[in-house]
Amino acid sequence: MDIVIVVADAVRASVGPLGAAYALTAIGLNLHYGYTGLLNFGHVAFLMVGAYGTAVTVDQGGPFWLGILVGVIAAILLGLLFGLPTLRLRVDYLAIVTIAGGEVLRTVIRSGDKDSLTGGVFGITQFATTFFGANPFPEGEYGWGRLAFTERQLWVAVVAWSLVALATILLVLLVRSPWGRVLRSIREDEDAARSLGKNVFAYKLQSLVTGGVIAAFAGMIIAIERQSVHPDTYLPAGTFLAYAVLILGGTASRLGPVLGAVVYWFLFEFTDGFLRGAISAGWIPGASSRRPTSARSE
Amino acid sequence: MPADAVFAAEAVTGSRKPDAILVVNGMHRSFGGLAAVDVGHLEVQRGVITALIGPNGAGKTTLFNLLTGFDRPDGGSSTFDGRPVTGLPPHRIARAGMIRTFQLTKALAKMSVLDNMMLAAPHQRGERIVYAPLRSAWRHQERDVEERAGSLLEKFGLADLRDDYAATLSGGQRKLLEMARVLMAEPKMVLLDEPMAGVNPALVESLLHHVRELRDEGLTVLFVEHDMDVVMGISDWVVCMGEGRVISEGRRRSWPPTKR
């Protein structure tokens, strides 16, 4: 086993488009959970509507920019759908509604046949051609040895990390403002915020929608990188991976989600690569030398 | 002297007050078969310290919750400063100028003392999400708010703790912070739910002084208290509740009040 290759692959994953997408996912969740105290257990649904909004629009013959817009609008609508009935109630209800709502939505998307709007279990592919057509990087390999990206991967990664930077700046500006102060007061004690004249419901809804839109962009990145959307990408486990990333980096911290995403993907890929290497080298007695399926593959 | 004005009111249950800021009419609330609050008519006079007393379970805190929108009455109404406020959500009632505190202090633990104060300032432009990312839109106001918070903290003897987390304050200091924070919200009337509970005797004197000062600045104070020394010490008017009803009310000096 070549440990250098294992490390290189792990670094590659953590700085690649998926690392960025998980950072964005966690940034949105950080606004919900870290700053507002909203227990959103259906976060992955925001990624799903973002991805499907784009894919369906382009698949139906719409332009790519409209697809992005539709994805954003879908995330706003989902935020309202989740929030309007539940944010007046106690925290637990939001958790129940979001986890169930996300699954209901996924099942609905999955239930269509191949010719339906969402493509059912077949999903939709090849909708990001416009995006890759706009790639300013000429064809080739970028990087060193195992750490190289193709021009397509590099293009997605650059766009994705730019979005991470934008979202981080936006979030820092937001949480430092008096608006952010109200959010933190809601996290600490929403009755106190109410008693001081703050419209807690409106702030929670704003937080849910804003974080949801950020997550929708993460969904778009993942979909674009693969040129494919598939309902089973958005299983509830995705939400809890986002929580793992967020908690790993530190909740309610500014760079926590970014750090968490990079560390998470590094550890994930490193463990994966290391175990595979160890098994094929016969270091683990009794383990099958058959290549185990990666958790990431569909 | 506002306290003298109370001589104009009669010591009769549900009596009319000159210039009442809060008027409660037929307000009732029951939990299952238990009538927690059943207040026929109650007026609270502007610029006066009114104490609300009564045994445990008399409905004092429930009445507070009903008045401030934290609970909805089964029937009846209340008007504050001439506006009907029954059924309004808590934040709307607070914005109308009636601010409450809680029996168990609600200091925002993981926020600094200063942030606790600044949060309470009303009409903050930077609290609107569209202005929030634009620092220039709210910087000036933020500076004014910070200045006002600073001087209030000074007055309440918390200035040295302004950058500490509220979680590090003692129980008494939290009560002080909560009272200072109420003032930050620029209320017309404050409802204090057991402001002296769990406060050591040395701080009680300071809290009493601040409550009196609220009145002298023209604020109306309605407070729930079990400590009769405190009640007799600062209140101008006393309302006594029992089993959800107002049993009697009267001027503090005419205690015990005339029977209904």
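The values are calculated or read from the model by the stated rules, or taken from the named source; none is laboratory data. All values derive from a computational prediction rather than experimental measurement. Cβ sites come from the backbone with ideal geometry, for glycine too, and all protein chains shown count toward neighbours. The area values use the complete protein model at the heavy-atom level, side chains included, leaving out ligands, DNA and RNA. Shrake-Rupley method; radii C 1.70, N 1.55, O 1.52, S 1.80 Å.
Of the peptides B:181-191, A:161-171, B:135-145, the ranking by mean beta-carbon count within 10 Å, highest at the top, reads B:181-191, A:161-171, B:135-145. Could you work out the local net charge near A:Leu87, counting Lys and Arg as +1, Asp and Glu as -1, over the other residues with Cβ closer than 15 Å to its Cβ? Combined, the nearby Lys, Arg, Asp and Glu give +3. Using the Cβ of B:Val211 as centre and a radius below 15 Å, the other residues enclosed give a net charge of -4, where K and R count +1 and D and E count -1.
If you plug the beta carbon distance of B:Ile247 and A:Asp92 into 1/(1 + (r/R0)^6) with R0 = 35 Å, you get a FRET efficiency near 0.30. Label the range B:112-168 by shape, choosing from rounded, prolate and oblate, from the square roots a ≥ b ≥ c of the eigenvalues of the Cα gyration tensor; if a/c is under 1.5 it is rounded, and otherwise prolate applies when a/b is larger than b/c, oblate when it is not. Prolate. Computed extension length for A:Leu77-A:Phe132: 17.0 nm, one decimal, from 0.36 nm per residue of separation with the Cα-Cα distance subtracted.
Using R0 = 25 Å, the C-beta based FRET efficiency linking A:Leu69 and B:Leu134 works out to 0.60. For peptide A:267-280, the mean count of partner chain Cβ atoms within 10 Å of a residue's Cβ comes to 0. Taken per residue, the accessible surface of the protein assembly as shown reaches 43 Å², heavy atoms only and a 1.4 Å probe. Counting protein heavy atoms only, the range A:3-280 has 68 percent of its accessible area on carbon and sulfur, 1.4 angstrom probe. For chain A, the Cβ-based charge dipole about the Cα centre amounts to some 640 debye (Lys, Arg positive; Asp, Glu negative; other atoms uncharged). For A:Lys204, the lysines whose Cα falls under 20 Å of its own Cα, not counting residues fewer than eight places away in the same chain, are B:Lys106, B:Lys110. The B-A contact accounts for approximately 2400 Å² of buried accessible area, totalled over both chains at a 1.4 Å probe radius. Peptides B:40-49, A:111-120 ordered by packing proxy, namely the average of other Cβ atoms within 10 Å per residue, highest first: B:40-49, A:111-120. The mean count of C-beta atoms from other chains within 10 Å of the C-beta of residues in B:81-92, rounded to a whole number, is 2. Peptide B:133-143 shows a mean partner chain C-beta count of 2 within 10 Å per residue C-beta. Of the solvent-accessible surface of chain B, computed with a 1.4 Å probe and all protein chains present, 50% belongs to carbon and sulfur.
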